[in-house]
Number of protein chains: 2
Amino acid sequence: MIEQRIQTHRYENGLVLVVETLPETRAVACEFLIPAGSAFDPPGRNGTANLLSDMIVRGAGAYDARQLADRFDFLGVQFGTHAGTAHMWLSFATLSDRLMDVLPLCADVILRPHFPEKDFAAGKESVAQSLRAIEEDPLEKLTVELRRHALPEPWSKPSEGTLEDLPRITLDDVREHYRRHVRPAGTIVGVAGRIEFERIRDALGELLAGWSGPPEERIRARWDGPRVVHLPHASHQTHIAVAFEAVPYADPQHYDAWMVASVLGGGSSSRLFTEVRERRGLCYSVYASLVCGKGFGRIVVYTGTTADRAQETLDVMWAEFRRLGEPPDPAAGRGVSEHELRRSKARVKSAMIMQQELAGARASAIARDWSHLGRVRTADEIRRAVDAVSAESIHHYIRQHPFANPTVVTIGPEPLEVPR
Amino acid sequence: MIEQRIQTHRYENGLVLVVETLPETRAVACEFLIPAGSAFDPPGRNGTANLLSDMIVRGAGAYDARQLADRFDFLGVQFGTHAGTAHMWLSFATLSDRLMDVLPLCADVILRPHFPEKDFAAGKESVAQSLRAIEEDPLEKLTVELRRHALPEPWSKPSEGTLEDLPRITLDDVREHYRRHVRPAGTIVGVAGRIEFERIRDALGELLAGWSGPPEERIRARWDGPRVVHLPHASHQTHIAVAFEAVPYADPQHYDAWMVASVLGGGSSSRLFTEVRERRGLCYSVYASLVCGKGFGRIVVYTGTTADRAQETLDVMWAEFRRLGEPPDPAAGRGVSEHELRRSKARVKSAMIMQQELAGARASAIARDWSHLGRVRTADEIRRAVDAVSAESIHHYIRQHPFANPTVVTIGPEPLEVPR
């Protein structure tokens, strides 16, 4: 069993602090999940959260933009902000003995950003640059488009924004997004490293004491169901993404879904890797993973191949989806065998133990758990839940959530025939 | 000071083992650097080393390809091989208590690969897939082309190979590459984690006892000097790479070169990040780093921007190169100021301390040190050398290695005017 020290605190203003003490590292990692992601972008202004995440570090408190970057670099802090769909993230990693110097800077960024007029054009232009780069990168584009079609609204909105909406967004929109959404209720701070819980709890309490705002907003998600979408792209390659509905993070069957994704496309002995890449050389990379948001889950599969072998690749993938869903007959490769289930369990459990030591991975994991579950799972709880998955529970899961009616997005010269 | 336990052993057959014990992690990471990289690809057969790195894991010892992947996944091992220019790499990470189960599999792969005829077509096809993907990814293509033009031969050869040569390579070529180059002389094994030196030394000694081969080959490098190359690409983006000659890894001025690269384009307060991205919004990402191979060094700078702002971007970068090389006048931003040097030192030293705990980073670092220097530097030695860099030593360095006559590679719709 892994010894874990996880402690939490809810401040009066609603802010939640989740801390895991890792006594054997000199590092500390910290993530602020602020409920100001792109899901809250105003209609016709998709990209507001992303612009906010750029502008919010261009000067804060006593520092202008340049002085702030200077301070972070001087403290040896790897600091960044970015817009996700649910949250705007503010995260950093540094040495534990610097934590108390970095937190006041975070408080400045969160409570006292300058939003300087003179930097807005440059901020907008650098966001535009990143959006144009996505347009020209088929794999990035595929990821954005799969989200758009496979996820419920508003989680489907591109967290980066769009080139169409960007020109319309004003600095006042950014300030308004800040005022409405950057607030303690719904904000989670995950910290992991060699730290004393009481010390960080008290320091954050003092630094963010004046922070207030409206209660957390409820999001009503809406999904129109799966779609098949082809995006024409003059190229010799076709990129393929497939997403199947799965249970959400908080569902007791979450672990079944996780193992299904792992058997299908995790590791170098997975079904897809073996059949699509190793046996047939149809692609260089193919994998499946379980993607979870608030209230939804998806098993997503990605691959890319030459256009003239794309149809064959899709067909081979489909055959594997089918075989996994058939009544178990391990000799014929039908259903999930005890052997491959044991292998998948061994794989994810080892990875978990190795991540258990990494401050960055732990800060993310505990903040994410709190965001989805309102509590933090221990490694021991996860291990027991993984161990409890059986070939039977997996087949039960697949019967309830069959590999059928996925969202399929392809980018390439020609559309493909999606098997039914 | 960081306490470090680094131990080395040279076996009779020439193999060198370098071990760093990290008592506070449960993980272990291991890298085999075998002198069988693409630098040794036969003429007209560029890609042989890459194909070898694919074929060498398709069955070895008592296991066929599938059983081998199965074993690695069961042991929770993240295992991979790849071809670099000097070396073929075989690396893995796992939990320390599994190390003794993984090493025999590595010995199988190194000493007893099957090279099955029936898998060769698929292996070749999956390499072809990865090469075609590079052709369509401007940033990857830029990296390959910068190496080709900025580095001395044979380090300039694409370690992935080329689509032109690939069809010519036979399984016999791969076997021959294996026979000639996969040998103990010149092979370095770097291991870091919670391990006992004596135990791994004895285990490896036994497992690789029968391994023999010719002495290490000397490489004679040849470089024709800098070039300006434009690769036309129908796109709205232009990607830019610039490489300046720098001292090699083993040179006493290595640390000056490192700090120059860091001041120029490391971190969010670097010259390039501030001027090109933050002030002008010309790009989303711009950075400089020091790249070192055997006997050479380069300071390389990458950025990407919209085609219509590419010339301006290049000009702004050039102005920064010039300002760094001018007689110091910090108020005017000329030369390197004490302040930015202190900041760069703080940044790299913090990063170093954080990497000091990571098994994977340490296994790489100690193997790399041995490969370049024939010894391993302690963190303390590196820190002292970084501290010894002064504004004076940097200016001395820049006078000797001015920002002049770089290799410039651009990919985009139009060539640029390179300032002289």
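The values are calculated or read from the model by the stated rules, or taken from the named source; none is laboratory data. In this text the structure is predicted, and so the values were computed from the model without any measurement. We place every Cβ from the backbone using ideal geometry, glycine too, and count neighbours over all the protein chains shown. Just so you know, the surface numbers come from the protein's heavy atoms only, side chains and all, with ligands and any DNA or RNA stripped out. Shrake-Rupley method; radii C 1.70, N 1.55, O 1.52, S 1.80 Å.
Only one entry in A:VAL276, A:VAL260 is modelled with pLDDT under 95, open to solvent by less than 10 Å² (accessible area, probe 1.4 Å) and not in a loop (DSSP other than H, G, I, E, B), namely A:VAL276.
Just the residues that are modelled with pLDDT of 95 or more, of a type in the set (A, V, I, L, M) and either outside any strand (DSSP E or B) or not assigned by TED's automatic domain parsing to the domain that holds B:ASN50 (or both), please, taken from the stretch B:82-100. Matches in the stretch B:82-100: B:LEU99, B:MET100. If A:THR313 satisfies all but one of (1) modelled with pLDDT of 95 or more; (2) open to solvent by 10 Å² or more (accessible area, probe 1.4 Å), what's the number of the condition it fails? It is condition (2) that A:THR313 fails. Just one of the listed residues (B:GLY281, B:GLY304) is open to solvent by 10 Å² or more (accessible area, probe 1.4 Å), touching a helix residue (DSSP H, G or I) at 6+ places or on another chain (Cβ under 9 Å) and either closer than 27 Å to A:ARG58 by Cβ or among the hydrophobic types (A, V, I, L, M, F, W, C) (or both), and it is B:GLY304. Applying the condition of being small (Gly, Ala, Ser), open to solvent by less than 30 Å² (accessible area, probe 1.4 Å) and assigned to a loop (DSSP other than H, G, I, E, B) to the stretch A:33-81 and asking which residue is farthest from B:ALA346 (Cα to Cα) yields A:GLY47. One residue stands out among those in the stretch A:226-282 that are more than 9 Å from chain B (Cβ to nearest Cβ) and of a type in the set (S, T, N, Q): the one that is nearest to A:GLN400 (Cα to Cα), which is A:GLN253. Taking the stretch A:187-227 as the range and being of a type in the set (D, E, K, R) and either buried (at least 17 other Cβ atoms within 10 Å of the Cβ) or not in a loop (DSSP other than H, G, I, E, B) (or both) as the test, the residues that pass are A:ARG194, A:GLU198, A:ARG199, A:ARG201, A:ASP202, A:GLU206, A:ARG222. Residues in the stretch A:348-368 that are out of contact with any strand residue (DSSP E or B) (no Cβ under 9 Å at 6 or more places or on another chain) and in contact (Cβ under 8 Å) with a residue 12 or more places away in the chain: A:VAL348, A:LYS349, A:MET352, A:GLN356. The residues of the stretch B:232-257 that are outside any helix (DSSP H, G or I) and of a type in the set (A, V, I, L, M), listed by number, are B:ALA234, B:ILE240, B:ALA241, B:VAL242, B:ALA243, B:ALA246, B:VAL247, B:ALA250. Working carefully through the options B:ALA49, B:ALA39, B:ALA29, find the one that is under 20 Å from B:ALA379 (Cα atoms) and touching a residue at least 60 places away in the same chain (Cβ under 8 Å). After applying the criteria, what remains is B:ALA29.
When the test is whether a residue is surrounded by 18 or more Cβ atoms within 10 Å (Cβ to Cβ) and under 20 Å from the mean Cα position of the chain (by Cα), A:VAL376 passes it.
Apart from one condition, B:SER159 fits all of (1) farther than 27 Å from A:GLU275 by Cα; (2) more than 14 Å from every other protein chain (Cβ to nearest Cβ); (3) under 19 Å from the mean Cα position of the chain (by Cα); the exception is (1). The combined condition, being farther than 25 Å from B:PHE92 by Cβ, within 14 Å of another protein chain (Cβ to nearest Cβ) and open to solvent by less than 20 Å² (accessible area, probe 1.4 Å), is not fulfilled by A:ALA359.
Annotation: of all residues in the stretch A:110-123 being within 10 Å of chain B (Cβ to nearest Cβ) and among the hydrophobic types (A, V, I, L, M, F, W, C), the one that is least open to solvent (accessible area, probe 1.4 Å) is A:ALA122. Among the residues of the stretch B:363-386, count how many are within 14 Å of another protein chain (Cβ to nearest Cβ) and out of contact with any helix residue (DSSP H, G or I) (no Cβ under 7 Å at 6 or more places or on another chain). Total satisfying the criteria: 1. Restricting A:ILE411, A:ILE366 to residues that are touching a Pro at 6+ places or on another chain (Cβ under 9 Å), among the aliphatic types (A, V, I, L, M) and modelled with pLDDT of 95 or more narrows the list to A:ILE411. Quick check, is A:LYS157 closer than 30 Å to A:PRO413 by Cβ, surrounded by 14 or more Cβ atoms within 10 Å (Cβ to Cβ), in the same structural domain as A:THR81 (by TED's automatic domain parsing) and among the charged types (D, E, K, R)? Here the answer is yes, as A:LYS157 does meet what is asked.
Can you find even one residue in the stretch B:343-353 that is under 14 Å from B:GLY265 (Cα atoms), open to solvent by 60 Å² or more (accessible area, probe 1.4 Å) and either of a type outside the set (D, E, K, R) or away from chain A (no Cβ under 11 Å) (or both)? There is no residue in the stretch B:343-353 that is under 14 Å from B:GLY265 (Cα atoms), open to solvent by 60 Å² or more (accessible area, probe 1.4 Å) and either of a type outside the set (D, E, K, R) or away from chain A (no Cβ under 11 Å) (or both). Exactly one residue among B:SER371, B:SER364 is open to solvent by less than 50 Å² (accessible area, probe 1.4 Å) and more than 30 Å from B:PRO138 (Cα to Cα), and that residue is B:SER371. For the condition part of a helix (DSSP H, G or I), within 12 Å of another protein chain (Cβ to nearest Cβ) and basic (Lys, Arg), A:ARG148 does not qualify. Restricting attention to the stretch B:82-107 and to residues that are open to solvent by 10 Å² or more (accessible area, probe 1.4 Å) and of a type in the set (Ser, Thr, Tyr), the residue that is nearest to the other protein chains (Cβ to nearest Cβ) turns out to be B:SER96.
With the structure loaded, tell me whether A:LEU103 is under 21 Å from A:GLY61 (Cα atoms) and modelled with pLDDT of 95 or more or whether it fails that test. Answer is yes for this residue.
Taking the condition within 13 Å of chain B (Cβ to nearest Cβ), touching a residue at least 24 places away in the same chain (Cβ under 8 Å) and either open to solvent by 10 Å² or more (accessible area, probe 1.4 Å) or in contact with a Cys (Cβ under 7 Å, 6 or more places away or on another chain) (or both), does A:ARG322 pass? Here the answer is no, as A:ARG322 does not meet what is asked.
Inspect the stretch A:124-139 for any residue being more than 19 Å from A:SER38 (Cα to Cα), open to solvent by 30 Å² or more (accessible area, probe 1.4 Å), away from chain B (no Cβ under 14 Å) and not acidic (Asp, Glu) and give the result as yes or no. No, the conditions are met nowhere in the stretch A:124-139.
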